[in-house]
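Report on the following structure.
The values are calculated or read from the model by the stated rules, or taken from the named source; none is laboratory data. Owing to the predicted nature of the structure, the values given are computational and were not obtained by experimental measurement. Quick reminder, even Gly has a Cβ in these numbers, built from the backbone with ideal geometry, and neighbours come from all protein chains shown. Remember, those area values only see protein heavy atoms, side chains included, never the ligands or the DNA or RNA. Shrake-Rupley method; radii C 1.70, N 1.55, O 1.52, S 1.80 Å.
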Amino acid sequence: MKVLYLLVILYLTCISQVSLAANDYCEALKYSLLFYKAQRAGRLPDTDIPWRGNSVLGDTYNNQVDSNGDGILSKGYFDAGDGVKFGFPMAYTMTMLSWVYIQYESNIANCGLDTLYKDVLKWGSDYTMAAHVADDVFVGQVADANIDHSYWIPPENITGTYTRTVYTIDSSNPGTDLAMEAAASLTATSIALKSTDSSYASECLNHAKTLYDFAMNSDKKLYSDSITAAAGFYTSGGYNDEIAWASAWLYKATGDEIYHTNAATYYANNDVQYANQLSWDQKGVATGMLLYQLDGDSTYKTNVESALKYWEKGGGITYTPNGLAYLSEWGPCRYTMNMALIASMYGGDYLSFAESQLNYVMGNNANSYSFVVGWGTNYPKNPHHRAAHHSTTNDINNPTVNKYVIYGSLVGGPASDDSYKDDRTDYTQSEVALDYNVGLVGTLAAFSSDSSPASTTNPFGGSIDTSSTTSAPTSNSDSTTSASSEKATETPTTTPSTDASSESVTETPTATSS
């Protein structure tokens, strides 16, 4: 009888945990979006992150300033736990976040997070347009990461510490992949914001078209061969996927058949159509999913399904003992959540994979450990992040524990045996980054249709503005409201002595890179 009683208690505990997770998807989505606010550079328009202030106001190109007198490149997002602005992963992040918004707009609104979400998108697109300083010139990076990583200081203390070099691509030193990703980013954002700010959306789309033409009409070249300062941090593996990706987005936005033709042509390259993972460097799976949404071609369906099957147990991907699909020691949580997002978009039987991976990273695992900072009671206290650690002595070990909590950030993740060392010097496991949160945001948005709205409480302090999110919008006809549907979209409609220079290397594994 005692054993039966304990089994009943265990069962009820498990049920309550699942129920709690389901009811909290909106709240978790709010946390994951606030992470991006904590990554903002420039003059901050609010105090949503009280321990973050104005920073790098002098970031500019040819001494140009904005209406506040700040450098035109002062905004945007810091890449990870550092003070570098890497244009390639930043643009990818904004493309993906825009796609998520388009796909799950009504869910986001019902969560009460429409305003917050659009704030995140616009801060990124403002920077991307500012970085497009001429028709054939685009700023791909601000600050030399090797120099930046030799200092362990908060972003607010960067100015005057070192010279922040600006790196560009142009017609003489092109970067096909970077220009295309920027084009994709601004196109997707234009679609996401069109119903509420048509003028701004048009501006985004015009920049996107010009960037696309610049990339297509210049010699085809990897951006990291032109901006060599990016090599070793975000070295590109190819550009075919970005051409197909940007083409598909422009086709979605304009209906112009030339974009559709180019998307199909470049997607047909083996390194694109047979990709089986999604990252800042490899968009083949995402392109196939987008094209399938656009025209329903069976080739796209077959290839997306093949990639998703690879990520299921027995499909090819390695799993940790406790159930995390494990591609690489560098950001394993990032990779699996990216594929969880694709699974959520595709729907059907693959939803169980998406839910299992979301549950793992949120703490519903055998170790009851959340890999989302600030979520639950057992989570990383010392992610590799200068602002959150907030050393005033240029020392990664002082203070011992991070001064601030960077809520909502997804750390790289555990070792292949599920072990995790909460050590900010171990950036392989403890780093957080713009691209790491993409799949988390998207999968939470997908599963939030039955969730209670997010509270207006800001975990960083204060409250969140939800003034424009009282009802679900209807502007995006392809907006999917529930990942629980059987066919969600199946039918188309770093101190110098301790901070290694390679801390932000998040390269795509060679075996599956583009």
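Solvent-accessible surface of protein heavy atoms, probed at 1.4 angstrom with all chains present, puts Glu181, Glu27 in the order Glu27, Glu181, largest first.
For the pair Ala268 and Asn367, a Förster radius of 60 Å applied to the C-beta separation gives a FRET efficiency near 0.90, rounded to the nearest 0.05. Extending 7 Å from the Cα toward the beta-carbon at both Val401 and Val137 defines two label points whose distance is 5.0 nm.
Estimated at 0.36 nm per residue, the fully extended path between Ser298 and Asn378 surpasses their Cα-Cα distance by 24.4 nm. Counting only protein heavy atoms and a 1.4 Å probe, the chain has 35 square angstrom of accessible area per residue.
Calculated from the structure at hand, Kirkwood radius over Cα pairs in Å is found among [x] 28.7; [y] 22.6; [z] 25.1 as [y].
Can you pull out the trypsin sites (Lys or Arg not before Pro) in the range 361-436 whose DSSP state is coil and whose Cβ has at most 12 other Cβ atoms within 10 Å?
Details: sites: Lys381, Arg386, Lys403, Lys421, Arg424; in loops: Lys381, Lys403, Lys421, Arg424.
For trypsin sites (Lys or Arg not before Pro) across the range 361-436 that sit outside H, G, I, E and B with at most 12 neighbouring Cβ atoms in 10 Å, the list is empty.
Hey, what did the range 20-447 get for relative contact order, percent, Cα under 8 Å, at least 6 apart? Relative contact order comes out at 17 percent. From largest to smallest, the equivalent ellipsoid semi-axes obtained for the range 162-276 from the alpha-carbon gyration tensor read 24, 20, 12 Å. How many percent of all Cα-Cα pairs in the range 360-443 sit more than 16 Å apart? Percent of Cα pairs beyond 16 Å in the range 360-443: 49. Heavy-atom surface analysis with a 1.4 Å probe gives the range 20-447 a carbon and sulfur content of 44 percent of its accessible area. Calculate the FRET efficiency for Thr47 and Glu329 from the Cβ-Cβ distance with a Förster distance of 22 Å, rounded to the nearest 0.05. Computed FRET efficiency for Thr47 and Glu329 comes out at 0.05.
The length gained by stretching the chain between Asp426 and Ala231 to full extension, at 0.36 nm per residue less their Cα-Cα distance, is 68.1 nm. Per-residue Karplus couplings for the range 305-317, computed as 6.51 cos²θ - 1.76 cosθ + 1.60 with θ equal to phi - 60°, are listed in order as 4, 4, 5, 5, 5, 4, 8, 7, 4, x, x, x, 6 Hz, Gly and Pro entered as x. Taking the Cβ of Ala263 as the center, what net charge do the other residues with Cβ under 13 Å away carry, scoring Lys and Arg +1 and Asp and Glu -1? After counting each charged neighbour, the total is -4.
Which peptide among 77-89, 313-325 comes first, and what is the full order, when sorted by highest mean count of other Cβ atoms within 10 Å?
Values: 77-89: 27.8, 313-325: 15.1.
Output ranking for 77-89, 313-325: 77-89, 313-325.
Dipole magnitude for the chain: computed about the Cα centre from +1 point charges on Lys and Arg Cβ and -1 point charges on Asp and Glu Cβ, it is near 940 debye. Taking 0.36 nm per residue of separation and subtracting the current Cα-Cα distance, fully stretching the chain between Lys313 and Thr456 would add 47.6 nm.
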